[in-house]
Amino acid sequence: MEIAPNSSPAASQTTPTKGLQDAVSEFRKTLNDDQRSDLDKLKGIPDVDAALVFTAQLDWSTTQRNDPSKGTRLISVLQYVRDSSVIIDTFVSSHPEIAALVWGSVKLTMSVVLNFASYYERVSDLFMQFARDCPRFAEYQALFPNSPGLQKAICDFNASIIYCCKHVVEAIQRPWQTHLRNAFLQSFQQEFNPDLEMIRRCSFEAKQQIKLAKARADHQDQRLQEMERKAASKERHKVRQLFSRVGSDLDTIKNDQIQQDIRRAEQSRRQLLDSLSSYDYLTHFKKACKLRHPKTAEWLFRSTAFTLWEKGLSSPWLWCSGKIGSGKTVLTASAVEHIYAHERRARENVTFFFPHFADQTPLSAETTLRSIIRQSLDPVKLSSNWEARLMELDRKPSSELRELTLLLRQAIDQSDIFYIFIDALDEFEPAERRALLDSLVSVASGSRLRVFISSRESLSGELRDSIPTIETVLMASPEAKNDIATFVEETLQRRQQNGDLMVQDPSIVDDIRQALINRADGMFLWVTFLLDEICAQTCDDDIRDAVERLPRTLTETLSKALHRIIKQGKSAIANKAFQWIAMAKRPLTLDELREVISTKVGQPSSNPGQLVNGIDRLPTWCENLVRVDEESRTAEFAHKAVHKFIVEGSSGPDYAQFHFKTEDADHHAGEICVTYLSFSDFVTTMTRRSQTVKIDPTGMAHSALKNSWNLPKSISSAVITMRKNVQAETDPAGILATYNRSDDAEAINTLQVHYPFLKYASVHWISHTTRFRRRTSSTWGMWKQIFTQKHGLAKIPWLNQEQPGASNSNLLPWSFANRHFALIRYLGRLGKIDNAEIQGVLKSCATDGDVDLTSALLESSYAVRIASSDLQAASVSGDIKVVKLWLSAGANVNAEASEYGRTALEAASESGHINIVELLLSAGANVNAQPAHESGRTALQAASEGGHIEVVERLLSAGANVNADPSKYGRTALQAASKGGYIDVVELLLSMGANVNAAPAKLGQTALQAASKAGHIEIVERLSAAGARR
């Protein structure tokens, strides 16, 4: 099989779907009569969730025969085929059934393979491999209708998948003798490598056509904008010159405008959906599905609570409650698949939200609701009503939950049944959790909605207060515990089969089985690590001893894993991996990890000789505390409990080598990113320009000038008067320039293949360098060069990437908005932050106790002068770290109070911050400093007014004048304490000689008058006893 590339002369003579039609025809010939009949029944275009439905059905079938779940491997490629089938269907008129048959061919292939267990896993792995080569639907959806070259490329890519399916079916149908002979001659991967290569070639061609179509569209837009500008300025002679140069007539322009309208409409719909939610809701769902073991979770589907909930015969709320590591996430994913796999109604929506502990996105009610609504919409079939609602939402600077709740209600009302599954509700902050529940409760009336929630038991009271009718399924129930026994049995068999567990006495296996079931306490996570400890033993006696001494807590179990890492001599590499997995802004692939843990700070260039060998064995080196996703090949901690154990250093002093401070690890990550971006390899590579791409000028003909359907009258009249029956000219040079600009991105993509970590470092270098300092960061100089000099690879977030020559005017606002302390320090030292701006931010920092931002700002050239005037605000905040920073920056501890202000000691005393009072006194604060003239107070008067006895005692011991005169509208210390009713302070002041009859200030009161008016009888009696005059 060979598919003609787009560049061939024959390409323009055949319809875009010719290769696809041929592929489907060849596929049909491979099938038997029953299979052809099944294929012919697949007439309709699949629904938006067809891929999830089909893979759930596959998983259900495999679990029934005790095979592992592999269906989720197929989701990506099936979603691509579904989306491309829908869009192919929109432009194929001669063979309208062809689009449905594309989907049907892939689906039928997997249905056939399902009956051959030995092939199913290998074929699912094959599909997972070429899923990475599928063009992104969002990139070509808007360009597809108006680009024959792109249409053919997408059809050819689909054809290459169909030919691969044909090969799969042929392989299955071979006699067993042929299978046996082929097994000796070549592996499965070797046999299908030609298919993979064809798919990759077609993928490359499709991606090139996407670039070319985008270049055409961009160039046409630019040309029309030029024409409109000239028409708007009534420069008709220029318009005439432009048209004679373009050679387009009115019909061509109108046709171009129609195309542009279609493209813009598609782009608008896509942007609206992306604006609604870009949360990756699928990845963690797929990971959870893959963790399900055969024959587990069946107890849930047989339970009365779940059955009634599913049928809508009980409360619309069902809560799965269980402790950490008990399998709640896997069970929730299994429930989603159960709904998908069984008979469904035409208007049934299934939505879900699976948070993950490694996500950088904060969990919020808004994020969850947006994702749920987004999942309920078909991006290809978005109605005008929904489009209008989303446009209205998008126009608002910020959306309230009320508006999202109304949208959710609309989605529910348009469904017969609407399922919502939310995992790990306990991971939400309480306020966000309450907001989410309130929103869902408000739309739960009626019989359409079904909500399934999973969380730890700790939410019991909160959930029952919010939802009194909620039903519960318990992970600790006897039925659920049977899953543990099934899991233990299956895991033991697998460990024995792969040689991890080797015993001489078979009875030991029974002992292990029983011990694990008894010790598991409902925690699948614990079983896995307990078995790792057992498998690490080398003889029967040691195994028996390990079974007798199994760890009794999860912390002890994880500590044992660290011990095994040390024992096998992998602590250094494991520790590096732990830190990177913990600190990375997104999950790192194994190839990225391999580079980054092999890179040393400051090394001048890459060094292949120091790259880690056998990185695929990382989970083994890390004793399964780390796992690798087979689809994305990204590494992550095996569970949130593991992440917490590693990051918080819960293992104790015996494993101190694995402990690290997150700030230090993040700083090290920044040093590595800067080092990597500064490799001399890239300096050499970026100077080489890729070869100019050859473009067929005839394929560029009729480059359009387009905008709206209604042409401006000036342009229309100009075109009408100039219409000539001449062949349209083209401007391939302009399109080529646009195409070559996009080719720079292709060059970088190619570079990233050879330097995997480049993709991460080029984006996240800036976020890892927030705490860089000139004295402590060895790559400070290289870091400055990245943003002060042009760097071809690093993304500069405050610059417009489309305008490389743009200024750094956005640098300061970006630095403050993103709290990039290193940039703030750098700009402050250069004097690029003006006095007023620093003063305003410092005041806010003082009030909020923002130590990090304060520290950065205090290194500016203006800071010391400002610090002296704002030390008072810091003293009020109560954050001693902030006050220390101000004092170390040289702030005057005895700065005079402003007209209506306070001294620093007065501010701290008023708030009762004894630790700050101590700090200020030790720094030389004048305990009897003159207060502000009108309403100021001495420190003692301020402390007495607040009743802060400890502060009063400290100030008196420091020599505070107990009888200091009040300010114009102030009070003496005794008058202030008497008015406030603080008897202990009154007693102390009197004992220190306070004048009980001191005259009041203007509009003031004596101590006795103040206590009497406030009704403090005990103080009145004490003052009277001390000789107070009435």
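How many of the residues making up the stretch 775-790 are under 21 Å from K600 (Cβ atoms) and assigned to a loop (DSSP other than H, G, I, E, B)? Matching residues across the stretch 775-790 total 5.
Residues that are aromatic (F, W, Y), under 25 Å from the mean Cα position of the chain (by Cα) and outside any helix (DSSP H, G or I): does the stretch 357-367 have at least one? Checking the stretch 357-367: at least one residue is aromatic (F, W, Y), under 25 Å from the mean Cα position of the chain (by Cα) and outside any helix (DSSP H, G or I).
Is it the case, given these coordinates, that R347 is at pLDDT below 90 and surrounded by fewer than 16 Cβ atoms within 10 Å (Cβ to Cβ)? Yes: the conditions hold for R347. The single condition from (1) touching a helix residue (DSSP H, G or I) at 6+ places or on another chain (Cβ under 6 Å); (2) at pLDDT 90 or above that W386 fails is (1). Determine whether G569 is on the phi > 0 side of the Ramachandran plot and assigned by the TED database to the domain that holds F637. In short, no. Going by what's in this entry, would S898 be described as out of contact with any Leu (no Cβ under 7 Å at 6 or more places or on another chain), under 25 Å from Q1009 (Cα atoms) and either at pLDDT 85 or above or part of a loop (DSSP other than H, G, I, E, B) (or both)? Judged against the criteria, S898 is not a match. Starting from residues that are touching a residue at least 24 places away in the same chain (Cβ under 8 Å) and farther than 27 Å from A641 by Cβ, keep the ones in the stretch 494-538 and report whichever is surrounded by the fewest Cβ atoms within 10 Å (Cβ to Cβ). Among those that are touching a residue at least 24 places away in the same chain (Cβ under 8 Å) and farther than 27 Å from A641 by Cβ, it is Q504. Which condition number in (1) farther than 30 Å from T296 by Cβ; (2) part of a helix (DSSP H, G or I); (3) of a type in the set (D, E, K, R) is the one that K43 fails? Failing condition for K43: (2).
Among the residues of the stretch 506-523, those identified as among the hydrophobic types (A, V, I, L, M, F, W, C) and out of contact with any Ser or Thr (no Cβ under 7 Å at 6 or more places or on another chain) are I508, V509, I512, A515, L516, I517, A520. When the stretch 570-600 is examined, which residues are found to be part of a loop (DSSP other than H, G, I, E, B) and farther than 26 Å from R132 by Cα? Across the stretch 570-600, the qualifying residues are K570, S598, T599, K600. Where helices (runs of 4 or more DSSP H) sit wholly within the stretch 485-569, those with at least 2 residues that are touching a Phe, Trp or Tyr at 6+ places or on another chain (Cβ under 9 Å) occupy 507-520, 524-535, 554-567. When the residues of the stretch 999-1029 are filtered to those that are assigned to a helix (DSSP H, G or I) and in contact with a Leu (Cβ under 8 Å, 6 or more places away or on another chain), the one that is surrounded by the most Cβ atoms within 10 Å (Cβ to Cβ) is A1007.
Just so you know, in the stretch 625-662 the residues that are charged (D, E, K, R) and in a helix (DSSP H, G or I) include one that is surrounded by the most Cβ atoms within 10 Å (Cβ to Cβ), and it is K640.
Yes/no matrix, rows are residues, columns are (1) part of a loop (DSSP other than H, G, I, E, B); (2) under 22 Å from F418 (Cα atoms); (3) at pLDDT below 95; (4) in contact with an Asp or Glu (Cβ under 9 Å, 6 or more places away or on another chain):
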site: L308; (1), (2), (3), (4): no, yes, no, yes
site: I324; (1), (2), (3), (4): yes, no, yes, no
site: L331; (1), (2), (3), (4): no, yes, no, yes
site: V336; (1), (2), (3), (4): no, yes, no, no
site: T351; (1), (2), (3), (4): no, yes, no, no
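Please go through the stretch 463-485 and give me each residue that is within 23 Å of T351 (Cβ to Cβ) and not aliphatic (A, V, I, L, M), ordered by number. Matches in the stretch 463-485: S466, T469, E471, T472.
Residues of the stretch 860-885 that are modelled with pLDDT of 80 or more and not in a loop (DSSP other than H, G, I, E, B): S875, V876, I880, K881, V882, V883, K884, L885.
State yes or no: is A100 in the same structural domain as V168 (by the TED database) and in contact with an Asp or Glu (Cβ under 7 Å, 6 or more places away or on another chain)? No, not satisfied.
Taken over the stretch 275-300, the criterion of being among the aliphatic types (A, V, I, L, M), crowded, with 19+ Cβ neighbours inside 10 Å and not in a helix (DSSP H, G or I) is satisfied by A297 alone. Take the residues in the stretch 458-473 that are assigned to a helix (DSSP H, G or I) and surrounded by 16 or more Cβ atoms within 10 Å (Cβ to Cβ), then tell me which one is nearest to the chain's Cα centre (by Cα). Top of the filtered list is L459. If the condition is being outside any helix (DSSP H, G or I) and in contact with a helix residue (DSSP H, G or I) (Cβ under 6 Å, 6 or more places away or on another chain), then the stretch 115-138 contributes F116, D133, C134, P135.
Please determine, by comparing only the residues of the stretch 603-624 that are within 15 Å of D500 (Cα to Cα) and part of a loop (DSSP other than H, G, I, E, B), which one is nearest to the chain's Cα centre (by Cα). Going through the qualifying residues, I end up with N624. For the stretch 615-625, the criterion of a residue being farther than 30 Å from V330 by Cβ and not aromatic (F, W, Y) is satisfied by no position.
Restricting attention to the stretch 145-162, the residues being surrounded by 23 or more Cβ atoms within 10 Å (Cβ to Cβ) and either farther than 22 Å from E266 by Cα or not small (G, A, S) (or both) number 12.
Filtering S371, S442 for residues that are in contact (Cβ under 8 Å) with a residue 12 or more places away in the chain and closer than 29 Å to Y140 by Cα leaves a single hit, S371.
When you scan the stretch 45-52, do you find a residue that is surrounded by 23 or more Cβ atoms within 10 Å (Cβ to Cβ) and in the same structural domain as A131 (by the TED database), even just one? Among the residues of the stretch 45-52, at least one is surrounded by 23 or more Cβ atoms within 10 Å (Cβ to Cβ) and in the same structural domain as A131 (by the TED database), which makes the answer yes. Residue check: N928 meets all listed conditions (1) farther than 24 Å from E1018 by Cα; (2) surrounded by 24 or more Cβ atoms within 10 Å (Cβ to Cβ); (3) in contact with a Gly (Cβ under 8 Å, 6 or more places away or on another chain) but one, namely (2).
The values are calculated or read from the model by the stated rules, or taken from the named source; none is laboratory data. Everything numeric here is computed off the predicted structure, so don't read it as measured data. Every residue, glycine as well, gets a Cβ built from its backbone with ideal geometry; the counts of neighbours run over all protein chains shown.
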